[in-house]
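The values are calculated or read from the model by the stated rules, or taken from the named source; none is laboratory data. Fair warning: this is a prediction, and the values are worked out from it, not measured in the lab. Heads up, the Cβs are rebuilt from the backbone with ideal geometry, glycines too, and the neighbour counts pull from every protein chain shown. These accessible areas exclude ligands, DNA and RNA; they are computed on the full protein's heavy atoms, side chains included. Shrake-Rupley method; radii C 1.70, N 1.55, O 1.52, S 1.80 Å.
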Amino acid sequence: MSRTVQTFNLASGVKIPWLAWGNGSGEARKVPVEAGLIALKAGIRHIDTAQNYLNEGAAGETVAKSGLSKDEVFVTSKLSGRKADSDPTAEGYTVPADEVRPAIQESIKKLGFIPDLFLIHNPHVVARADLKKTWQTLEQMKDAGELKEIGVSNFRPQDLELILDGAKYKPAVNQVEYHPYTLAHLEPVLAIQAKHGIITESYGPLTPLLRHPTGGPLKPVLTKIAKRVSESNPGLPIAVDEFVVLLLWTRAMGVVAVTASGNEERIKLLAEISYLPDILTKAEVEEITSVGKTVHFRHYREHMQKDFALPDLPDGTA
(Lines give C-alpha, C1' and ligand atoms only; values in the text may rest on other atoms or scores of the structure.)
Protein backbone atom coordinates (compact mmCIF):
# COMPACT_ATOMS: atom_id res chain seq x y z
CA MET A 1 0.00 0.00 0.00
CA SER A 2 1.31 3.45 -0.90
CA ARG A 3 2.73 5.49 1.97
CA THR A 4 2.32 8.82 0.21
CA VAL A 5 0.81 11.43 2.52
CA GLN A 6 -2.62 12.45 1.26
CA THR A 7 -3.02 16.21 1.04
CA PHE A 8 -5.41 18.96 0.02
CA ASN A 9 -4.43 22.04 -1.94
CA LEU A 10 -4.88 25.41 -0.29
CA ALA A 11 -5.97 28.24 -2.59
CA SER A 12 -2.30 29.18 -3.07
CA GLY A 13 -1.47 25.67 -4.24
CA VAL A 14 0.39 24.80 -1.02
CA LYS A 15 -0.33 21.22 0.04
CA ILE A 16 -1.67 20.55 3.54
CA PRO A 17 -1.72 16.99 4.93
CA TRP A 18 -5.34 15.99 5.52
CA LEU A 19 -4.77 14.58 9.02
CA ALA A 20 -3.02 16.54 11.75
CA TRP A 21 -1.93 15.50 15.22
CA GLY A 22 -2.76 18.20 17.75
CA ASN A 23 -0.77 18.75 20.95
CA GLY A 24 -3.39 20.91 22.65
CA SER A 25 -5.58 18.59 24.69
CA GLY A 26 -5.64 15.57 26.98
CA GLU A 27 -2.56 13.38 27.31
CA ALA A 28 -1.10 14.96 24.17
CA ARG A 29 -0.82 18.25 26.05
CA LYS A 30 0.96 16.58 28.97
CA VAL A 31 3.61 14.80 26.90
CA PRO A 32 3.81 16.89 23.72
CA VAL A 33 7.37 16.00 22.69
CA GLU A 34 7.13 12.27 23.40
CA ALA A 35 3.73 11.94 21.74
CA GLY A 36 4.75 14.17 18.85
CA LEU A 37 7.79 12.02 18.14
CA ILE A 38 5.57 8.92 18.10
CA ALA A 39 3.27 10.68 15.63
CA LEU A 40 6.06 11.69 13.27
CA LYS A 41 7.78 8.31 13.49
CA ALA A 42 4.47 6.62 12.68
CA GLY A 43 4.06 8.73 9.55
CA ILE A 44 1.87 11.69 10.52
CA ARG A 45 3.23 14.82 8.85
CA HIS A 46 1.12 17.64 10.29
CA ILE A 47 1.39 19.06 13.82
CA ASP A 48 -1.20 21.52 15.13
CA THR A 49 -0.35 23.75 18.10
CA ALA A 50 -1.22 27.21 19.46
CA GLN A 51 -0.05 29.90 21.82
CA ASN A 52 -2.50 29.01 24.57
CA TYR A 53 -1.59 25.32 24.45
CA LEU A 54 1.80 26.42 25.85
CA ASN A 55 3.34 23.78 23.57
CA GLU A 56 4.85 25.73 20.68
CA GLY A 57 8.34 25.12 22.00
CA ALA A 58 7.56 21.43 22.30
CA ALA A 59 6.33 21.35 18.69
CA GLY A 60 9.61 22.86 17.54
CA GLU A 61 11.59 20.42 19.68
CA THR A 62 9.60 17.52 18.26
CA VAL A 63 10.47 18.46 14.68
CA ALA A 64 14.12 19.03 15.60
CA LYS A 65 14.43 15.61 17.28
CA SER A 66 12.46 13.68 14.66
CA GLY A 67 15.26 13.21 12.17
CA LEU A 68 13.02 14.73 9.52
CA SER A 69 13.70 18.00 7.73
CA LYS A 70 11.33 20.83 8.53
CA ASP A 71 10.12 20.70 4.91
CA GLU A 72 8.71 17.22 5.60
CA VAL A 73 6.49 18.38 8.47
CA PHE A 74 3.60 20.84 8.13
CA VAL A 75 3.16 22.89 11.32
CA THR A 76 0.18 25.05 12.25
CA SER A 77 0.07 27.51 15.15
CA LYS A 78 -2.37 30.18 16.31
CA LEU A 79 -2.59 33.64 17.84
CA SER A 80 -4.51 32.83 21.02
CA GLY A 81 -3.99 35.81 23.28
CA ARG A 82 -4.53 35.83 27.03
CA LYS A 83 -7.22 36.69 29.53
CA ALA A 84 -7.35 40.40 30.25
CA ASP A 85 -5.39 41.00 33.47
CA SER A 86 -7.81 43.70 34.52
CA ASP A 87 -10.80 41.35 34.35
CA PRO A 88 -9.88 37.65 34.44
CA THR A 89 -13.58 36.72 34.37
CA ALA A 90 -14.15 38.48 31.03
CA GLU A 91 -15.12 36.35 28.06
CA GLY A 92 -12.52 35.67 25.43
CA TYR A 93 -8.85 36.46 25.14
CA THR A 94 -7.57 39.84 24.09
CA VAL A 95 -4.37 41.09 22.51
CA PRO A 96 -3.91 44.84 21.95
CA ALA A 97 -3.57 45.59 18.25
CA ASP A 98 -0.03 46.87 18.68
CA GLU A 99 1.02 43.62 20.37
CA VAL A 100 -0.15 41.28 17.61
CA ARG A 101 3.08 41.32 15.63
CA PRO A 102 5.34 40.84 18.70
CA ALA A 103 3.10 37.99 19.88
CA ILE A 104 3.45 36.24 16.53
CA GLN A 105 7.19 36.83 16.51
CA GLU A 106 7.35 35.19 19.93
CA SER A 107 5.57 32.13 18.52
CA ILE A 108 8.13 31.91 15.72
CA LYS A 109 10.93 32.17 18.28
CA LYS A 110 9.47 29.36 20.38
CA LEU A 111 8.93 27.11 17.36
CA GLY A 112 12.36 27.82 15.94
CA PHE A 113 10.92 28.32 12.45
CA ILE A 114 8.11 30.06 10.60
CA PRO A 115 5.01 27.84 10.81
CA ASP A 116 3.52 26.68 7.54
CA LEU A 117 0.14 28.01 8.63
CA PHE A 118 -0.71 30.63 11.26
CA LEU A 119 -4.27 31.27 12.41
CA ILE A 120 -6.22 33.76 14.47
CA HIS A 121 -7.47 31.30 17.10
CA ASN A 122 -10.90 32.88 17.44
CA PRO A 123 -12.55 36.22 16.63
CA HIS A 124 -12.32 37.27 20.29
CA VAL A 125 -8.51 37.13 20.47
CA VAL A 126 -8.58 40.87 19.86
CA ALA A 127 -11.16 43.57 20.43
CA ARG A 128 -13.86 43.53 17.77
CA ALA A 129 -12.73 46.92 16.50
CA ASP A 130 -9.23 45.49 15.98
CA LEU A 131 -10.13 42.25 14.21
CA LYS A 132 -9.73 43.59 10.68
CA LYS A 133 -6.52 45.39 11.66
CA THR A 134 -5.20 42.13 13.10
CA TRP A 135 -5.87 40.34 9.82
CA GLN A 136 -4.05 43.14 8.02
CA THR A 137 -1.06 42.60 10.33
CA LEU A 138 -0.97 38.94 9.30
CA GLU A 139 -1.17 40.03 5.66
CA GLN A 140 1.74 42.43 6.15
CA MET A 141 3.82 39.73 7.82
CA LYS A 142 3.04 37.38 4.93
CA ASP A 143 4.18 40.03 2.47
CA ALA A 144 7.39 40.50 4.47
CA GLY A 145 8.12 36.77 4.52
CA GLU A 146 7.56 36.62 8.28
CA LEU A 147 4.58 34.29 7.82
CA LYS A 148 3.64 31.77 5.13
CA GLU A 149 -0.03 30.73 4.89
CA ILE A 150 -2.50 32.62 7.11
CA GLY A 151 -5.98 31.72 8.23
CA VAL A 152 -8.56 31.78 11.00
CA SER A 153 -10.33 29.52 13.49
CA ASN A 154 -13.80 29.57 15.05
CA PHE A 155 -14.89 32.34 12.67
CA ARG A 156 -18.64 32.80 12.23
CA PRO A 157 -20.20 34.30 9.08
CA GLN A 158 -19.95 37.86 10.40
CA ASP A 159 -16.28 37.37 11.30
CA LEU A 160 -15.39 36.04 7.87
CA GLU A 161 -17.28 38.83 6.10
CA LEU A 162 -15.52 41.45 8.23
CA ILE A 163 -11.99 40.42 7.33
CA LEU A 164 -12.79 39.47 3.73
CA ASP A 165 -13.96 43.00 3.00
CA GLY A 166 -10.96 44.56 1.25
CA ALA A 167 -8.61 41.72 2.18
CA LYS A 168 -5.41 41.32 0.20
CA TYR A 169 -5.26 37.64 1.15
CA LYS A 170 -8.25 35.46 1.91
CA PRO A 171 -7.87 33.05 4.83
CA ALA A 172 -6.35 29.79 3.67
CA VAL A 173 -8.45 27.86 6.20
CA ASN A 174 -11.08 28.23 8.90
CA GLN A 175 -10.57 25.67 11.68
CA VAL A 176 -13.87 24.92 13.42
CA GLU A 177 -15.61 22.09 15.25
CA TYR A 178 -16.78 20.19 12.19
CA HIS A 179 -18.51 16.83 12.09
CA PRO A 180 -21.89 15.58 10.82
CA TYR A 181 -23.79 17.04 13.80
CA THR A 182 -22.54 20.60 13.15
CA LEU A 183 -23.28 20.63 9.41
CA ALA A 184 -26.70 22.29 9.65
CA HIS A 185 -25.38 25.07 11.87
CA LEU A 186 -22.28 25.61 9.73
CA GLU A 187 -24.13 25.96 6.42
CA PRO A 188 -23.67 29.77 6.15
CA VAL A 189 -20.01 29.47 7.17
CA LEU A 190 -19.36 26.74 4.62
CA ALA A 191 -21.15 28.73 1.90
CA ILE A 192 -18.82 31.70 2.44
CA GLN A 193 -15.80 29.43 2.46
CA ALA A 194 -16.85 27.70 -0.75
CA LYS A 195 -17.30 31.09 -2.43
CA HIS A 196 -13.80 32.24 -1.42
CA GLY A 197 -11.83 29.01 -1.68
CA ILE A 198 -11.27 28.68 2.07
CA ILE A 199 -10.48 25.14 3.25
CA THR A 200 -12.27 23.81 6.33
CA GLU A 201 -10.24 22.25 9.11
CA SER A 202 -12.04 20.15 11.71
CA TYR A 203 -11.17 19.93 15.36
CA GLY A 204 -13.25 17.47 17.36
CA PRO A 205 -14.04 15.42 14.22
CA LEU A 206 -14.85 12.37 16.38
CA THR A 207 -17.26 14.21 18.69
CA PRO A 208 -20.35 12.22 17.60
CA LEU A 209 -18.67 9.07 18.93
CA LEU A 210 -16.52 10.42 21.75
CA ARG A 211 -18.66 13.15 23.28
CA HIS A 212 -22.27 12.65 22.28
CA PRO A 213 -23.95 10.70 25.12
CA THR A 214 -25.47 8.04 22.85
CA GLY A 215 -23.90 8.55 19.43
CA GLY A 216 -27.31 9.60 18.15
CA PRO A 217 -28.80 8.38 14.86
CA LEU A 218 -25.38 8.47 13.21
CA LYS A 219 -23.85 5.65 15.24
CA PRO A 220 -25.75 2.73 13.65
CA VAL A 221 -25.02 4.19 10.21
CA LEU A 222 -21.29 4.27 10.97
CA THR A 223 -21.45 0.73 12.35
CA LYS A 224 -23.16 -0.52 9.18
CA ILE A 225 -20.62 1.18 6.92
CA ALA A 226 -17.67 -0.08 8.99
CA LYS A 227 -18.97 -3.65 8.58
CA ARG A 228 -19.36 -3.25 4.82
CA VAL A 229 -15.88 -1.72 4.42
CA SER A 230 -14.26 -4.46 6.52
CA GLU A 231 -15.92 -7.24 4.55
CA SER A 232 -15.09 -5.61 1.20
CA ASN A 233 -11.44 -4.84 2.01
CA PRO A 234 -9.92 -7.81 3.88
CA GLY A 235 -6.34 -6.70 3.18
CA LEU A 236 -6.45 -3.39 5.05
CA PRO A 237 -3.66 -2.91 7.65
CA ILE A 238 -6.13 -1.96 10.42
CA ALA A 239 -9.58 -2.99 11.57
CA VAL A 240 -12.14 -0.52 10.30
CA ASP A 241 -14.53 0.68 13.00
CA GLU A 242 -16.89 3.64 13.39
CA PHE A 243 -14.02 5.98 14.27
CA VAL A 244 -12.15 5.13 11.08
CA VAL A 245 -15.27 5.65 8.99
CA LEU A 246 -15.94 9.06 10.57
CA LEU A 247 -12.41 10.27 9.87
CA LEU A 248 -12.57 8.99 6.30
CA TRP A 249 -15.90 10.80 5.86
CA THR A 250 -14.14 13.99 7.00
CA ARG A 251 -11.50 13.49 4.33
CA ALA A 252 -14.13 12.69 1.70
CA MET A 253 -15.75 16.06 2.48
CA GLY A 254 -12.48 17.80 1.62
CA VAL A 255 -11.88 18.75 5.25
CA VAL A 256 -8.60 18.55 7.19
CA ALA A 257 -9.00 16.53 10.41
CA VAL A 258 -7.15 17.64 13.56
CA THR A 259 -7.22 15.10 16.36
CA ALA A 260 -5.20 14.73 19.55
CA SER A 261 -3.99 11.70 21.47
CA GLY A 262 -1.16 10.98 23.88
CA ASN A 263 -1.64 7.21 23.67
CA GLU A 264 1.03 5.47 21.58
CA GLU A 265 -1.24 2.83 20.08
CA ARG A 266 -3.94 5.39 19.29
CA ILE A 267 -1.41 7.69 17.61
CA LYS A 268 -0.10 4.81 15.49
CA LEU A 269 -3.68 3.98 14.51
CA LEU A 270 -4.28 7.58 13.44
CA ALA A 271 -1.16 7.38 11.29
CA GLU A 272 -2.44 4.23 9.58
CA ILE A 273 -5.82 5.89 8.98
CA SER A 274 -4.07 8.87 7.40
CA TYR A 275 -2.67 6.63 4.66
CA LEU A 276 -5.83 4.62 3.90
CA PRO A 277 -7.20 4.81 0.34
CA ASP A 278 -10.67 6.11 -0.46
CA ILE A 279 -12.79 3.17 0.67
CA LEU A 280 -16.12 4.87 1.34
CA THR A 281 -18.66 4.94 -1.47
CA LYS A 282 -20.29 8.17 -2.58
CA ALA A 283 -23.62 6.87 -1.25
CA GLU A 284 -22.08 6.17 2.17
CA VAL A 285 -20.60 9.66 2.37
CA GLU A 286 -23.98 11.14 1.42
CA GLU A 287 -25.81 8.99 4.00
CA ILE A 288 -23.52 10.15 6.82
CA THR A 289 -24.02 13.74 5.68
CA SER A 290 -27.79 13.55 5.46
CA VAL A 291 -28.22 11.81 8.82
CA GLY A 292 -25.84 14.28 10.45
CA LYS A 293 -27.95 17.21 9.28
CA THR A 294 -30.95 15.93 11.28
CA VAL A 295 -29.18 16.69 14.59
CA HIS A 296 -27.42 19.66 16.13
CA PHE A 297 -24.83 18.73 18.74
CA ARG A 298 -21.73 20.77 19.45
CA HIS A 299 -19.21 20.07 22.21
CA TYR A 300 -17.03 23.21 21.98
CA ARG A 301 -19.60 25.98 22.37
CA GLU A 302 -17.51 28.89 23.60
CA HIS A 303 -17.24 30.81 20.33
CA MET A 304 -19.46 29.42 17.59
CA GLN A 305 -22.79 29.57 19.43
CA LYS A 306 -22.56 33.26 20.36
CA ASP A 307 -24.44 35.64 18.04
CA PHE A 308 -24.80 32.85 15.48
CA ALA A 309 -28.32 31.42 15.28
CA LEU A 310 -28.67 27.72 16.06
CA PRO A 311 -30.70 25.41 13.81
CA ASP A 312 -34.07 24.23 15.09
CA LEU A 313 -33.02 20.61 15.42
CA PRO A 314 -32.96 17.99 18.18
CA ASP A 315 -29.65 17.11 19.79
CA GLY A 316 -30.07 13.40 19.09
CA THR A 317 -30.01 12.33 22.73
CA ALA A 318 -33.64 11.22 22.90
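Here are a few things to note about the model shown:
- Whenever a residue of the stretch 293-318 is over 12 Å from Arg156 (Cα atoms), its partners that are acidic (Asp, Glu), lying with C-beta atoms within less than 8 angstrom and at least six residues away or across chains, give the pairs Val295/Asp315; His296/Asp315; Phe297/Asp315; Arg298/Glu177; His299/Glu177; Tyr300/Glu177.
- Subset of the stretch 272-288 (residues that are surrounded by fewer than 19 Cβ atoms within 10 Å (Cβ to Cβ) and either of a type in the set (Gly, Ala, Ser) or closer than 18 Å to Asp315 by Cβ (or both)): Ala283
- Checking each residue in the stretch 136-173 for being of a type in the set (A, V, I, L, M, F, W, C), open to solvent by 20 Å² or more (accessible area, probe 1.4 Å) and either part of a loop (DSSP other than H, G, I, E, B) or at pLDDT below 95 (or both) picks out Ala144, Ala167.
- As a summary of the residue check, Gly254 satisfies the conditions (1) open to solvent by less than 20 Å² (accessible area, probe 1.4 Å); (2) at pLDDT 95 or above; (3) under 28 Å from Val125 (Cβ atoms) except for the one numbered (1).
- Candidates Ala11, Ala28 - the one that is buried (at least 20 other Cβ atoms within 10 Å of the Cβ), touching a helix residue (DSSP H, G or I) at 6+ places or on another chain (Cβ under 9 Å) and not in a strand (DSSP E or B): Ala28
- Flag if Leu54 is within 21 Å of the chain's Cα centre (by Cα), farther than 16 Å from Glu302 by Cβ and at pLDDT below 95: yes
- Some residue of the stretch 112-127 being open to solvent by 70 Å² or more (accessible area, probe 1.4 Å), of a type outside the set (A, V, I, L, M) and either at pLDDT 95 or above or in contact with a helix residue (DSSP H, G or I) (Cβ under 9 Å, 6 or more places away or on another chain) (or both): no
- Sole residue being of a type outside the set (S, T, N, Q), over 21 Å from Phe8 (Cβ atoms), surrounded by 15 or more Cβ atoms within 10 Å (Cβ to Cβ) and touching a residue at least 12 places away in the same chain (Cβ under 8 Å), chosen from Val240, Val244: Val240
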